Amino acid sequence: MNPLTLSKRGILGLNRPVAIWLGALAVVFGMLFSAVPASAADETPAPADGSSLVIKGKVKNEGVGVAGIELKVTGPSFEEIATTDADGLWSLNVPTKAEYKVEIQLDSLPEGVGLRDPETTVRTADLTMVETASVLFPLGVDTRVETPILDQIAIRAFAGLNLGLLLAIAAIGISLIFGTTGLSNFAHGEMVTFGALTTWLFYAVLDLPLIISAVITIAISAAFGWLQDAALWKPLRGRRLGLNQMMIVSIGFGIFLRYVLLIVFDGETKVISGDFQAVEFGPIITTANSIGSMAISVVTLAAVALFLTRTRIGKATRAVSDNASLAASTGIDVEKIIRIVWVVAGALTGLAGMLYGLQFQANWLTGFQILLLLFAATTLGGLGTSLGATVGALIIGFVVELSSLVLPADLKYAASLIILILVLLVRPQGVLGKKQRIG
Amino acid sequence: MDWLAIFNLALGELISPLTAAYILCAIGLAVHFGFTGLMNFGQAAFAAVGAYGMAIGILTFGMPTAVAILFGMACAVIFALVLGIPTLRLRADYLAIVTIAAAEIFRYLMLTSGFAGVTGGSAGLSAFNEEFRALNPFPDGEYGFGPFVFREEELWMRIVGWLTVVLAALFVMFVMRSPWGRVLRGIREDEDAVRSLGKNVFAYKLQALIIGGVIAALGGMIFVLNLSNVQPASWGTNFTFMIWTVLLLGGAATILGPIVGGMLFFLLLTLTQSIIGGLVDVGVINFLSPPQVGQVRFLIIGLALMALVIFRPQGIFGNKKEMQFNG
């Protein structure tokens, strides 16, 4: 059983009205309203730093709230203790979208009262997708309302689709660059970070409208891709540097960029968008940001597919990927195509960073943290095939999210990497790769 | 600026146990990459397996330190088999991605709260080096001269660390001069040619992965014995990339390369960092804050790695003919 208690768990409680749950229903309604930003009924005061993220819950014994229970909430660079009021209710504002651990302080329990589930003193509140999470610590008779397994699967699959689409846009960038130049670009994660932090700069700091910030972000990211090729990779191709050497250069370049970003933007997690409108269908509660991000991702992926299959430049790109010398001999300017690929990859990856940042916030390590997922996606789908990168990214997205149904949440990235190794065992060229691509 | 203190600090890095630990990992990587041509980007995991193997052997199974060290080495052998059997047939860039993924998987497994009873979770393990300290034969006091003055336990740590380095380097030197070592170099230069001579390339690669992995595991043990704790955060990808920089600085296909490369790397790193720190203190550099000076360290590592691979891929001692970076 997933210890996570999202607000929809309470909604399901409505279907089984039992008197003992009346207290829980009050909490549920509170949470439903608090998920709508305009709601004035939310009793939680607005936090000073503009965050609307709330973890709350109720500690009750036999359906009656217990006062004075202390709960320690810890997250990334955050630790605070909340205390229940006379009705057993508690709530706490948290700064960033992340996973938080809520630990009930056993020495604050009244005499003779224990946890209903004595093994679980720490529960997780996953605020990466929603803005309100509820954590319940039942005492005495078990009064928990559990989310049916099918609903849990639907929620996780939706989150997986969202993550997979995001990864796909960035992974196509890796895949295009690998296809045309043979470079496994380990500095790609920093392009994601660059996109996210540029959006933060224009949208959150300079307070420009989102659409203008987005256009600026994509333009600067495209220019960044152009600059990388013009200043670094084209001269290195001119020196006839081997592909493995180029890969290590990209590792060095990635480290360099990462610490430049750290020095310029410092190590704080940047709150890019604190405005989350809840959208609800079936058991799934998500935000308008996520829906918008998914729509943009799908449109972008379709546009890339059309570009690669329908336009002259797209066809030339695929020809260069297939065989650069042959493409050159048919009159295709290979260097020009590679330059275009870097610009397109920069723009796509910047866009991915922006969409990621708008949903999950970002810091200097954001891109590096998903870099391995991106490589897993491209390798899984088959290095150098754009469709493969999309399929691989969706698989990785689903595995990351669905794995948390059976595995602890802190192993979800490990699960996707294990899937990568297993697939390579069975099918080394990846799901859609061509056999000649492996050694 | 106190130049004497800066130079003393940098010279102290030359023979510090951490330098020895990195050098051991780099010698292991020389076996993998320099001599066999395996693009192993999971070297941090081999060091971590050794470190955790030893610490868990002592703390969970109550082994004496010597047995626990053997246990840590055995863990590295097992890890090499688990990593190598599925991945060694892959092409170099696939191998790079898979080894880096495997290293991260291992780190996540050490980090997860599910196994915290054995691994200590994100806090890691400590209090495993009491027996190692007790084995110290040197009486209390200070030893050495000039910048190299150590208390008895510091001296003991250094002697153990550098003795291991010398033994590992001698071992690799003899092994690489043997017919077995020549086959490894042959695999690096042309795998198919070696295969056509009837050699089992896969088995040779696996043996090289095991030998290099065990040497890196010893490096990991020195690392944690010196710090007196083992934490998952130490074994991230930055650890691996630092080892690569050390190796490429000295020369990948050489015996002395990792040793001199490691000493030089930490000497220069400490020197540049102290000088930048000093310039920040006296206000000459005013765009950096004191905490950012430590971040500049990695910026330098990144640039050094790029410059080395571009301009001198064979390193200080290497022979350009031996450094083809096939692929």
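The values are calculated or read from the model by the stated rules, or taken from the named source; none is laboratory data. All of these numbers come straight from a predicted model, not from anything done at the bench. Here Cβ is always computed from backbone atoms with ideal geometry, including for glycine, and neighbour counts include all displayed protein chains.
Of note:
- Of all residues making up the stretch B:90-123, the number that are part of a loop (DSSP other than H, G, I, E, B) and facing chain A (nearest Cβ under 7 Å): 3
- The stretch A:285-314: number of residues that are of a type outside the set (S, T, N, Q) and more than 17 Å from the chain's Cα centre (by Cα): 13
- If the condition is being surrounded by fewer than 15 Cβ atoms within 10 Å (Cβ to Cβ) and away from chain B (no Cβ under 14 Å), then the stretch A:224-233 contributes A:Leu227, A:Ala230.
- Residue selected from the stretch A:178-191 under the condition within 15 Å of A:Ile251 (Cα to Cα) and assigned to a helix (DSSP H, G or I), by the criterion farthest from the other protein chains (Cβ to nearest Cβ): A:Met191
- Residue check, B:Thr270 hydroxyl-bearing (Ser, Thr, Tyr), part of a loop (DSSP other than H, G, I, E, B) and within 19 Å of the chain's Cα centre (by Cα): no
- If you check A:Ile211, A:Ile272, A:Ile172, A:Ile218 for being at pLDDT 90 or above and either in contact with a Ser or Thr (Cβ under 7 Å, 6 or more places away or on another chain) or crowded, with 24+ Cβ neighbours inside 10 Å (or both), only one passes: A:Ile172.
- Taken over the stretch A:261-294, the criterion of being of a type in the set (Gly, Ala, Ser) and either within 14 Å of chain B (Cβ to nearest Cβ) or farther than 20 Å from A:Thr198 by Cα (or both) is satisfied by A:Gly267, A:Ala278, A:Gly282, A:Ala288.
- Test: residue in the stretch B:207-214 that is in contact with a strand residue (DSSP E or B) (Cβ under 9 Å, 6 or more places away or on another chain) and surrounded by fewer than 22 Cβ atoms within 10 Å (Cβ to Cβ): no
- Some residue of the stretch B:35-43 being over 17 Å from B:Phe239 (Cα atoms) and away from every other protein chain (no Cβ under 13 Å): yes
- Taken as a whole, the stretch B:258-272 holds at least one residue that is in contact with a Ser or Thr (Cβ under 9 Å, 6 or more places away or on another chain) and either within 14 Å of another protein chain (Cβ to nearest Cβ) or without any contact (Cβ under 8 Å) to a residue 24 or more places away in the chain (or both).
- Among the residues of this structure, A:Arg258 does not count as one that is within 11 Å of chain B (Cβ to nearest Cβ), surrounded by fewer than 16 Cβ atoms within 10 Å (Cβ to Cβ) and at pLDDT below 95.
- Sole residue being within 14 Å of another protein chain (Cβ to nearest Cβ) and free of Cβ contacts under 8 Å to residues at least 24 places away in the same chain, chosen from A:Leu236, A:Leu201, A:Leu208: A:Leu236
- Which numbered condition B:Phe79 misses (of (1) surrounded by fewer than 21 Cβ atoms within 10 Å (Cβ to Cβ); (2) part of a helix (DSSP H, G or I); (3) among the aromatic types (Phe, Trp, Tyr)): (1)
- Which listed residue is in contact (Cβ under 8 Å) with a residue 60 or more places away in the chain and within 29 Å of A:Phe202 (Cα to Cα), from A:Val320, A:Val271, A:Val260, A:Val279: A:Val271
- Near pairs, Cβ below 7 angstrom, 6+ apart or cross-chain, from the stretch B:115-131 (surrounded by 21 or more Cβ atoms within 10 Å (Cβ to Cβ)) to any residue that is among the charged types (D, E, K, R) and not in a helix (DSSP H, G or I): none
- Hits in the stretch A:47-67 (condition: under 18 Å from A:Gln277 (Cβ atoms) and modelled with pLDDT of 75 or more): A:Leu53, A:Val54
- Complete set of residues in the stretch A:228-256 that are over 16 Å from A:Ile174 (Cβ atoms), among the β-branched types (Val, Ile, Thr) and touching a Gly at 6+ places or on another chain (Cβ under 9 Å): A:Ile255
- Total residues in the stretch B:1-38, condition under 14 Å from the mean Cα position of the chain (by Cα) and without any contact (Cβ under 8 Å) to a residue 40 or more places away in the chain: 0
- Set A:Gly392, A:Gly397, A:Gly382: member being on the phi > 0 side of the Ramachandran plot and either within 21 Å of the chain's Cα centre (by Cα) or more than 10 Å from chain B (Cβ to nearest Cβ) (or both): A:Gly382
- Selection from the stretch A:364-375 of residues that are surrounded by fewer than 24 Cβ atoms within 10 Å (Cβ to Cβ) and under 9 Å from the mean Cα position of the chain (by Cα): none
- B:Gly84 falls short on exactly one of the conditions (1) over 18 Å from the mean Cα position of the chain (by Cα); (2) crowded, with 18+ Cβ neighbours inside 10 Å; (3) within 16 Å of B:Val214 (Cβ to Cβ); (4) away from chain A (no Cβ under 14 Å), and that condition is (4).
- When the stretch B:120-142 is filtered for residues that are in contact with a Pro (Cβ under 8 Å, 6 or more places away or on another chain) and modelled with pLDDT of 85 or more, the ones remaining, listed by number, are B:Gly124, B:Glu131.
To keep it simple, each residue is scored yes or no on (1) under 24 Å from A:Ala231 (Cα atoms); (2) buried (at least 18 other Cβ atoms within 10 Å of the Cβ).
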{"site": "A:Thr317", "(1), (2)": "yes, yes"}
{"site": "A:Val320", "(1), (2)": "yes, yes"}
{"site": "A:Gly331", "(1), (2)": "no, no"}
{"site": "A:Ala352", "(1), (2)": "yes, yes"}
{"site": "A:Ala362", "(1), (2)": "no, yes"}
